[in-house]
Structure formats: structure tokens, C-alpha cells
Amino acid sequence: MRISLDVVDMLQLQEIWSRRPIMTAFTRLETRPALRPSDTNFTVEDLMPRLSRLKRSPAWLSRRNSPAMSDPARIPLGDLSDEYLLELYPEVESPAAKRYSLFLSVYNCYLVAHYERSVIHTAAALQLLARVRHFEAGNVLDSAHLPARGSPEWIPLNITDEIRSLDDRYDAAEPGAPASYVVADEFWPLLLKAAPEDVDSATQLALESSQPDFCESLRAALNELMTLAHTWYRSPSVVGLAYQQKE
């Protein structure tokens, strides 16, 4: 099993996906660099002929029922129906696939930091760091020694649902596989004030019962996690999300 930890600007993600018209969304996304490559071309030049085709389509003309629906450029990305997606992107294999691709591409634009390693290395590294820093592990880690879950209450519910339904790292049918979850605020201080000597001490503890290669993997994991924590700390609008997936 592997664990991924993402630091995502959830408020801006929700704004672009669910609130802003598609034209505004593309205007902002066109110039925004993505931490990971995206499948979608967010150029307004590419969007304009697609919107013109949608506006002339039977799918649009038959469902237009209010002045607010006079222009498809005013629909948010998250509100595009299957019919509208097929008119906008006739080259795709299915509207569900395109919706997933669109959401993941927007998500990647608001992903500001990413960590991915094996569950074994991550759990061991965090458990040892909690030990050398004299943290009560039960307050910052879960029963598997991974980041504790926090409350998602302040995160817009529709965005949480989008992540759970569209993110292929979550398999709802897999027994014991968690949905994407918010990392508890209480977890981050374990890493935020960790010093290089704490990493050295944790690695030395691991060396007492593990091979040197495993210990170096723990050191690398801790250094990456500390960087992730400082990225999380610098902005009040970001949230940490955790996922688990098979190797």
C-alpha cells in the first residue's frame, strides 16, 4: 500500500469548479501552472469554438429555460451535464471520463504540494518522530501510525463528494480502503517544529532494528513530510488530504 498526502487550495478549487462561469474558470486556469501535468487544455482559444458549438446544439436549445441560461459560457464546470460535455468534447469516449479528466486537471492546478510513499515507510517514520519528539502518538496519528483524520466540516460538501467520486485513487469497493480524508490540524505540529537532529535521532532509532537502506528511506520520507507541513502552514486556505492505494 502507498499513501499520498496532498496540500490543496480547496477554497480556490471550489470557487473555480463550482461557482465561477466556465469562461472565467478557463481564463484563470490558462495562466496557472499545475504541479502535475493535466490532460485538459485550459486555453480560452480552444474553449470558444466548443462553446459556440454547444450554443447551437439541440441539447442546449431544448433545455434552455431561463435568461440565465442564454449563454453556456455562464455555466460552472461542475454543472455541465453529460449532454453538454459531449457537445463540448465530442472526441471523448464518455462524458464520465471527461468529467473526471476536467476535475483532476482543475485539482492539479490547485495542488500546491504532494507526497507519496509506501505506507510502511511513512508510518514507521512518523511513529519514530513522535517518539523522539515526545509527542503522544494517539493525538497526532491514527491506529495505523498515519496522519490522524480531521473534520471536513468547513470544506464544501460538493467538493468533498467530487473528490470521492472522481478520484481514481479511492476504491469504494476495496474493503478497508479509506475515502479521501482531511488530515487533522493537530498532526502538522509534529513536523513543523522538527529539527534536523530529530530526523537524525529517528533514523538512528530505526537503525537499531532495520537495514541501512530502510533507514535512509525513513530519513527521506521525514524530510519530504517536513517540507509538506511547511507548505500547509504558510496558507490558511489550504487543506491536507490523505489517500491510500495499492502498490
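Any read-out appearing in this document is the output of simple, stated calculations on the displayed coordinates, not a laboratory observation. Nothing here was measured: the structure is a model prediction, and the numbers come from that model. Quick reminder, even Gly has a Cβ in these numbers, built from the backbone with ideal geometry, and neighbours come from all protein chains shown.
Okay, here's what the table says:
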{"read-out": "Measure of compaction for region 4-45 (Cα Rg per 2.2 N^0.38 Å)", "value": "1.21"}
{"read-out": "R0 of 35 Å, Cβ-Cβ distance GLU197-ARG164: FRET efficiency to nearest 0.05", "value": "0.30"}
{"read-out": "Convex hull projection area averaged over all views, region 75-159, Cα basis, nm²", "value": "8.4 nm²"}
{"read-out": "5 Å binning of all Cα-Cα separations within the chain, expressed as whole percents from 0 upward", "value": "1, 6, 12, 16, 15, 13, 10, 8, 7, 5, 4, 2, 1, 0, 0"}
{"read-out": "Coordinate range along principal axes, alpha carbons of region 1-95, Å, largest first", "value": "47, 28, 26"}
{"read-out": "Amide N proximity, region 74-98 versus ASN41 label position 7 Å along Cα-to-Cβ, cut-off under 13 Å", "value": "89-91"}
{"read-out": "Spherically averaged projected area of region 48-111 from its Cα convex hull (nm²)", "value": "4.6 nm²"}
{"read-out": "Sequence-distant lysines (8 or more away, or on other chains) whose Cα lies within less than 25 Å of LYS98", "value": "LYS55, LYS246"}
{"read-out": "Pairwise FRET efficiency - SER151 versus ARG131, Cβ, R0 = 30 Å, nearest 0.05", "value": "0.70"}
{"read-out": "When the convex hull of its Cα atoms is projected in every direction, mean area for region 96-233 (nm²)", "value": "9.5 nm²"}
{"read-out": "Contour minus Cα-Cα distance for ARG219 and ARG63 (0.36 nm per residue)", "value": "50.4 nm"}
{"read-out": "Loop-located GluC sites (Glu not before Pro) in region 17-97, at most 15 other Cβ atoms within 10 Å (DSSP)", "value": "GLU91, GLU93"}
{"read-out": "Burial ranking of peptide ranges 206-215, 10-19 (average Cβ count within 10 Å, highest at the top)", "value": "10-19, 206-215"}
